[in-house]
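Nothing in this text is a laboratory measurement; each read-out follows from the coordinates by a stated rule. All of these numbers come straight from a predicted model, not from anything done at the bench. Here the Cβ positions follow ideal geometry from the backbone for every residue, glycine too, while neighbour counts run over all protein chains shown.
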Amino acid sequence: MVRSRTWYAGGKNMAWLLVIVAGLLETGFAVCLKLSHGFTRLWPTVAFCAFALGSFGLLTLSLKKLDVGPAYAVWTGIGAAGTAIYGMVFLGDLVSTLKIVSISFVIIGVIGLQLSGSAH
């Protein structure tokens, strides 16, 4: 019997790519959540739903191949850092040295967790 290769047959590298994309989509749903003003604006609310569904869907697929701890930490780290950076660049959020250093630590932690999660 011949097994067909699917788009997901790439193993852990593909799974990590899915986590990264899911993390970026998490940034999108967090920003849209703010722009929806408590779900009172239609298009940001629709975009929030689309980004959230995509983010959770890709994370779910990635967890078929990855350990939950490192994958979840990378997903939330990308989402948190991405949202903070987006807020500072585009939404007028306060920019401070402490905030930038803290975001750097989150990114360093995400890289470390990704490396530790892909070691086995």
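V19: net charge of surrounding residues, Cβ under 14 Å, Lys/Arg +1, Asp/Glu -1, itself excluded? Could the numbers behind the result be given before it?
Working: positive: K12, K64, K65; negative: E26, D67.
After counting each charged neighbour, the total is +1.
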Whole-number percent relative contact order across the chain, with pairs defined as alpha carbons under 8 Å at least 6 apart: 30
Which angle between 0 and 90 degrees, to the nearest 10, do you get for helix 68-90 versus the longest principal axis of the chain when only C-alpha atoms count? 30
Label-zone membership for region 66-88, site I20, 7 angstrom Cα→C-beta point, backbone N under 14 Å: 74-75, 78-79
Cut-off 10 angstrom, C-alpha nodes, Gaussian network model of the chain. Which of L98, L66, L18 fluctuates the most? L98
Under Karplus coefficients 6.51, -1.76 and 1.60, residue-wise ³J(HN,Hα) of region 14-28 in Hz, glycine/proline x: 5, 4, 5, 4, 4, 5, 4, 4, 4, x, 5, 5, 4, 4, x
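Within region 16-120, which trypsin sites (Lys or Arg not before Pro) sit in a loop by DSSP and count at most 11 neighbouring Cβ atoms inside 10 Å?
Details: sites: K34, R41, K64, K65, K99; in loops: R41, K64, K65.
Sites meeting the loop and neighbour criteria: K64.
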Length gained if A50 through M88 is fully extended, taking 0.36 nm per residue and subtracting the Cα-Cα distance, is 11.3 nm
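DSSP loop (so not H, G, I, E, B), at most 16 other Cβ within 10 Å: list which chymotrypsin sites (Phe, Trp or Tyr not before Pro) in region 35-92 pass both filters. It would help to have the intermediate numbers written out before the result.
On the way: sites: F39, F48, F51, F56, Y72, W75, Y86, F90; in loops: F39.
Those satisfying the criteria are F39.
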Candidates T97, T45, T76, ranked by Gaussian network fluctuation over the chain, Cα under 10 Å, top entry: T97
Using a Förster distance of 30 angstrom, determine the FRET efficiency expected from the C-beta separation of K64 and I108, and round it to 0.05. 0.65
Using alpha-carbon coordinates alone, the radius of gyration and Dmax of region 12-117 in Å work out to 14.4, 42
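Tally Lys/Arg at +1 and Asp/Glu at -1 over every other residue whose Cβ is under 14 Å from the Cβ of L91; what's the total?
Working: positive: K34, K99; negative: D93.
Charge balance in the 14 Å sphere: +1.
To the nearest 500 deg cm²/dmol, what mean residue ellipticity at 222 nm is calculated for the chain from DSSP H runs of n ≥ 4 alone, each contributing -39,500 (n - 2.57), summed and divided by the residues?
Taking each H run of at least 4 residues, the total per residue is -26000 deg cm²/dmol.
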Round to the nearest 10 and give me the degree value, 0 to 90, for the angle of helix 97-117's Cα axis relative to the longest principal axis of the chain. 10
The summed charge of the S116 Cβ neighbourhood (under 14 Å; Lys/Arg +1, Asp/Glu -1) stands at 0
